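So the structure is just underneath, and the comments pick up after that.
The values are calculated or read from the model by the stated rules, or taken from the named source; none is laboratory data. The structure displayed is predicted, hence computed values, not measured ones. Glycine gets a Cβ as well: all are built from the backbone with ideal geometry, and neighbour counts include every protein chain shown.
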Amino acid sequence: MAEPQKTWEHRLAKATDSLAVDFVESLSFDIRLYKYDIVGSIAHAEMLCEQKLLTKDELKQIKDALVEISKEIEEGKFKFDKTLEDIHMAIEAALTAKTEAGKKLHTGRSRNDQVATDIRLWMRDEIEIIQTKITLLQKALVKLAEKYVGDVMPAYTHFQRAQPISIAAYVLSFVEQLHRDNLRLKNCRTILNVSPLGSGAIAGSSLPLDRKKTASLLGFSDITYNTIDSVSDRDFCAEFIFDCSMIATHLSKLAEDWIVFSTTEFDFIRIDDAFCTSSSMMPQKRNPDMLELIRGKTGSVYGSLMATLTILKAQPSGYNRDLQDDKRHVFSASDTIETCVDMAAAIVGNTSFKTEKISAGIDKGFLDATALAEYLVKKGIPFRTAHGIVGTLVAKCEKENKSLAEISIDEFKKYSEVISGDIYNCLGAKNVANSYATASAASPGQMAEQIKYWKKQMEK
Ligand code: ARG
């Protein structure tokens, strides 16, 4: 008699309907967990042996067979049978076919604690991969910032010209955002790094399993302390995808800025040809498609977050098959983020600021108005009064189509007797940018310090 393929053929009288086979399987996507499934199984087997539930000989047979299976999968020689549903059953079936001892591996274990373990093991590694990629993007940004630390550009509020800043200040704003993204991922990793293995299907086992042993073999910091929670919650998956969503949000801001900056209207930056496309019809075009895709892919990452939260919402406590689909969204979000961060780093490394173009237009838009008000404050005028004086001057200049620096000293004096010739030192975008005195303000001097700080930080 042929060995039953599925482990429950003694219970269910009929083979699974073919439509149901396709519907229930996850092997097509959870195959990505195979290494973690095997590592988890080896740890479980080691523990079973220590607890005398496996002989040393059986342990060796199981380990050898699992290593063989791992090689077969790596080399593409493994036969995947979707009637086995998922990676856990596929590997167990292959193991049992290789050695009788394989039948003992699932002692005290369920796919419920197995999958909760595998996905945590996978996510720990994935978080490190994303963190490394983020650091590379930060390095590219710091390099770009360093190149333009002495150059000034406008900063915008309400997308209207606000105050002049060192270009480095603008570029480093993304380094800060990405730094928090990495901290969030670090926190997510800390929270998820506990072992659910040994929780079994829902309530644990009557066998003397040593959960702390498998936890330590797998590098978990502790075990989980409630078996129901262990097999039923995937809050860490939602959190991981939220972290990916935040990265996508930050990348989408950079993408949007740079799409605007590369227009003829702005003409602030040039993205290298290698990262542009052209048009099949309009021969003049240099389109920033890579940035548009980074911006657009934010949608699919947010979609994964919504999908995961909705999968988790109002499930009855305990394991439910709904949870199987978490992996589609976790994998999709992480794949998207990996490629977007890589793409962003490459674009950042191949973009230059058109500093001449930027400075040619920098004295439009009264970027020095706030600094002028602060000049009056330094001479003893209350800020509200100073704000009013400068507002009047700006309105006058706008009518006369000139900049604040083009007002003569005699004219200035009509507006306030405290004004003297030194007023011109605080006018003009470059002077203003150099005058910022508060901690971490957007001046070239302070940004040079920040660049030093980030460089040191990233060496670690
Ligand atoms: N493939 C399943 C998942 O990813 C494994 C757990 C299945 N457990 C069960 N009792 N049917 O969630």
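Quick notes on this structure:
- Within region 318-374, the set of residues being assigned to a helix (DSSP H, G or I) and within 16 Å of the ligand (Cβ to nearest atom) comprises Arg321, Asp322, Leu323, Gln324, Asp325, Asp326, Lys327, Arg328, His329, Val330, Phe331, Ser332.
- Selection of helices (runs of 4 or more DSSP H) fully inside region 1-115 by the criterion of at least 3 residues being within 31 Å of the chain's Cα centre (by Cα) and buried (at least 20 other Cβ atoms within 10 Å of the Cβ) returns 34-50.
- First in region 121-141 and buried (at least 22 other Cβ atoms within 10 Å of the Cβ), second anywhere and modelled with pLDDT of 95 or more and not in a helix (DSSP H, G or I), Cβ under 7 Å, 6 or more apart: Leu121/Leu218
- Residue tally, condition over 22 Å from Ser199 (Cβ atoms) and free of Cβ contacts under 8 Å to residues at least 40 places away in the same chain, over region 16-52: 5
- Filtering region 353-367 to residues that are in contact (Cβ under 8 Å) with a residue 24 or more places away in the chain and acidic (Asp, Glu) leaves only Asp363.
- Flag for Arg184 being under 27 Å from Cys244 (Cβ atoms) and touching an Asp or Glu at 6+ places or on another chain (Cβ under 7 Å): yes
- Hits in region 36-53 - residues which are within 16 Å of the ligand (Cβ to nearest atom) and not acidic (Asp, Glu): Tyr36, Ile38, Gly40, Ser41, His44
Conditions (1) touching a residue at least 24 places away in the same chain (Cβ under 8 Å); (2) part of a helix (DSSP H, G or I); (3) within 16 Å of the ligand (Cβ to nearest atom), marked per residue:
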| site | (1), (2), (3) |
| --- | --- |
| Val260 | no, yes, no |
| Asp267 | yes, no, no |
| Met282 | no, no, no |
| Leu291 | yes, yes, no |
| Ile294 | yes, yes, no |
| Ala307 | no, yes, yes |
| Pro316 | no, no, yes |
